Each structure stands twice: as structure tokens, then as C-alpha cells.
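Data first, discussion second: the structure below is written as C-alpha cells.
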Amino acid sequence: REMAKETVFRDLLEILRSTSSEVEQGYKDSCELVDLDTCLLLIAECFRCLRNACVECAKNQHVMRNLGLISTSVHLMKLLHGIQIKEELLLTALRCSLQFLGNVAAGNGDSQNSIWKCAFPDLFLTCLTYSDKKIVAYCCMVLFTCLNSEKVRELLDPGNLTVARHVLKVYKEQLESEWSFLIVTDHLLKCQELVEALYAKLSNQERVTLLELMMVTVHEKNLHTSEEMNVFMRHADFVAGCFQEKYEAVLKLTSAADAADEEALVTIRLLDVLCEMTSNNGLLEYLQALPGLLETAIDTLRLTHLAGKQTVNIFTATHAMTGQEEILHPAVDFKSHLVRLIGNLCYKNKENQDKVYELDGIPLILDNCSNDDNNPFVNPWAVYAIRNLTEQNERNQELIAQMEEKGLADNSALESMGLDIEKQDDKLILRSVRKKP
């Protein structure tokens, strides 16, 4: 590759230009005088040569760009798309051309800028919506390679938001496409303004997809820099705001007919993201101080708990499972996650511990800590929440002790949490005990 002379690339450029002219003229004349198959074979072979010649070779990348091969290639790709035939030869030519763009852009900022100038947004939109999965995947590769923080901000333009939306669609429909995943997690989620603008335009199904990717990012990536942390703090603010605005939508799931209500599914995923965010040390303190979030979590737990008592539905505590069945309802463990969020928000936070007390949240949590097949993990999360609520908080400890003495708290539930009530000098003490083997 390093030994290739510029004349070789000039020859390839001339072949592409002449073939492009022939295809364009022939197409205008209904392709009667053009051997299209031969043209497509020639185009594919040219792109294979170019693709291979610029792999990890900055010299060849620069030569190709300076000769105009990038602009010529993009023009030819748009022309081929206009032919509107689905022959394998056409698909091969388009695949090879995208692979060339990906290789000529790899590690080369000048080439990335040149591709962006020629191809954004039209060619990206064309290829992202193509019926051929390989073309879509290669397009995502090129888009990922070209993106940077400045280019991501260009997606904020209302006309360009469609590109980001199609990337999400690709991820949802082609889960094996690693490039679409990386575009969202490594680029789009780093621009909080873009996330908000995109979220407003998405369908509820697409919102669920975006929130799932956000949750994965928080779980798997370490937010090392202050810039990354600041962006995700703003994401946390946005997600919390959406949850506080839409939390009542989950009550639609009390009806079997609405078990797949998309707005309710978004609410479930918003809660999941908040749980993941409050499990991140850097984001926890910020979310603990966020106005109204704790109150909304308690309100939601109270509403779903009451809804489960009024009629038999997904929020009703059930013990009918034999251990072999699996409940597939989307709201399974929703109340568990509410208890988890409340527990996280009260972790080493006296103000929030007291707030839960004032909102009568402690009896509510205790009332939800029994075994429940619809919320199989509610008991361990209730243990965790009570621990966080009572840590260095005598008033909360005393409340639970008084509830147990008056029979308002299930003693067996407290025992399952490893808690016991003692009376010392006419004062009830809640203490931790080891479970008997």
C-alpha cells in the first residue's frame, strides 16, 4: 500500500468518473445502450482497490482526498441509489463504496470533514433507510467514524434530527449492529440538548429504546471526566422531570386491555434509568437534592399500591405462582424499583429520611415488603430501604418500633429483614440481628 503511486489512484478516479457518466447518460436513455452489469462490476472493483489501499495508510488517504475521490464517490453513490433496482451487483457496488468511505475516514480528520461536507445529511439518510442490512451497517460505521462533538451539534437542526432518529431505529431493528449502538452511546448521549430535542420527536417505542441505551451507558461506562458527569447530571434532571410529569401513566396497566400501553412502558423505563442513575455514586448526590423526585416516587408507590388493592391487577400482591411460571408483564417489579429508588435517595441523607417520615412513606414501604410474585425482588429492596431510612435516624427507628408494638407492622417481615424490637428503659429500640441458621 505504501508503495502505491498517485497515478494508480488517478486511473481509478478516471474509471469511476467515466463509468459514472456512462451510467448517468444511459439511465436518462432508459439504460438501452448501457451494459449496466459491467459498469456495476467495474465500480465495485474500483472501490475494492481504493478500500484496501487506504487501510491504516495516511499517505494514500490524503492522496485520494486531494484527487477528489471522496466527492466523486459520494456523487456516484447517489447516482446508483437513483437507479432504483435491487440487483445484487448494485448492492455490492454500494457496499464497497461505503467500506471505502469508512476506511479513508479512519483516523483522518480531514477525510472525515470532506465526507461530512459531501454526504451529510442526504447520503446518510438514504443509506440508513436502505433495505439491505449490510449497507445500513456500513453507513453506521461511516457515520460513527465521522462524528465528533461539533458535528453532533449539527444534528440539532430540525431537519437533521431525522438522522439520529433513524440510527435509533436501526439499533432497535438490527440489534447486532454494533455501530448504531456506539453512535448513540459514544456520541449522541454526550450532547444533552440533542437528547432533549430528539426525545420530543420520538414515538413512545423509540423513547423506550433511547432510555434503554442511556441506562446501559450509565451502568457500563465510568463517567471519568467532569464534563461527562455534568452531561449526565443534566440527563438525570431531564429523566426525573419526565418521570414526575408522566408517572401516573403507569396506572393504565391496571387494565389487562392496556397491558402494552406505550406511554406506560416509557414510565417504567424512566424509573429503571433513575434507579441506575442513583446507583452511580457521582449522580446519586445530585438526584438526592432534586426537588420533587422523592415525593413523586412515594406518590407513585402509594397509587400503585392502592390500585392493586382496589381490583386484581399487575399491582396486586400475589402468591399464586408455583415457581415454574414466569410473569412476562412489563410492570413486573415496578413497585420493587420504586422502593429501590426511595432507598437510594435516602442513602446517608438525613433530609430525605425525614421527608419519607413526613410523607408517611415508612408504613407504605413496610406494607409492600411481603412476598409478591409480581414483585419478586421487593423484599430485599425493602430491607435496603428500611436500613437507609433508619441509619442514624432515631425518629424513623422509633416509628417502626411503635408500629410493630401496635401490630401495624408485620413482625415476620421485620424478622425477614434482620430487624428486631427491644424495649429498653420504657423506650422501643429497633436493632439489627443476625438471622438464625
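The values are calculated or read from the model by the stated rules, or taken from the named source; none is laboratory data. Not measured: the values here are computed from a predicted model. Please note: Cβ atoms are built from the backbone with ideal geometry, for glycine as well, and neighbour counts cover all protein chains shown. Quick note on the areas: whole protein, heavy atoms, side chains included, nothing else; ligands and nucleic acids left out. Shrake-Rupley method; radii C 1.70, N 1.55, O 1.52, S 1.80 Å.
What to note about this one:
- On full extension, the segment bounded by residue 229 and residue 205 gains 5.9 nm, given 0.36 nm per residue less the C-alpha separation.
- Size of electric dipole in the chain: Cβ of Lys, Arg +1 and of Asp, Glu -1, about Cα centre, debye, nearest 20: 840 debye
- Relative contact order (%) - the chain, alpha-carbon pairs under 8 angstrom, separation at least six: 8 percent
- Within segment 1-146, the proportion of C-alpha pairs whose separation exceeds 19 Å stands at 47%.
- For the peptides 7-16, 97-106, the ranking by packing is 97-106, 7-16, with the highest mean count of neighbouring Cβ atoms within 10 Å listed first.
- Note on segment 92-245: Cα-only Rg and Dmax are 15.4, 50 Å.
- For segment 88-152, the Cβ-based charge dipole about the Cα centre amounts to some 100 debye (Lys, Arg positive; Asp, Glu negative; other atoms uncharged).
- For residue 350, the aspartates and glutamates whose Cα comes closer than 16 Å to its Cα, not counting residues fewer than 8 places off in the same chain, are 285, 295, 358, 360, 391, 394, 398.
- Taking the C-alpha atoms only, the angle from helix 293-310 to the longest principal axis of the chain is near 70 degrees.
- When the chain is reduced to its Cα atoms, the Kirkwood hydrodynamic radius in Å: 25.4 Å
- Candidate aspartates and glutamates - alpha carbon under 16 Å from residue 190, same-chain residues fewer than 8 apart omitted: 150, 154, 212, 220, 227, 228, 237
- Top positive-direction residue, dipole computed over the chain with Cβ charges, set 353, 9, 113: 9
- Solvent exposure of the chain amounts to 48 Å² per residue of accessible area, where only protein heavy atoms count and the probe is 1.4 Å.
- Its Cα centre serving as origin, segment 1-146 has a Cβ charge dipole (Lys and Arg +1, Asp and Glu -1) of approximately 540 debye.
- Segments 307-315, 71-79 sorted - mean Cβ within 10 Å per residue, highest first: 71-79, 307-315
- Local charge for residue 96 was computed over the other residues whose Cβ lies under 13 Å away, with Lys and Arg +1 and Asp and Glu -1, and equals +1.
- MRE, 222 nm, helices only [DSSP H, n ≥ 4, -39500 (n - 2.57), over the chain, to nearest 500]: -21000 deg cm²/dmol
- Alpha carbon convex hull of segment 225-297, volume per residue in cubic angstrom: 81 Å³
- Over 23 Å between alpha carbons, listed pairs 252/355; 5/151; 78/134; 117/172: 252/355; 5/151; 117/172
- Overall form of segment 157-310 per C-alpha gyration tensor (a/c, 1.5; a/b vs b/c): oblate
- Toward the positive end of the charge dipole of the chain, with +1 on the Cβ of Lys and Arg and -1 on the Cβ of Asp and Glu, the farthest Cα among 369, 183, 243 is that of 183.
- Around residue 215: net Lys/Arg minus Asp/Glu count, Cβ-Cβ under 12 Å: -2
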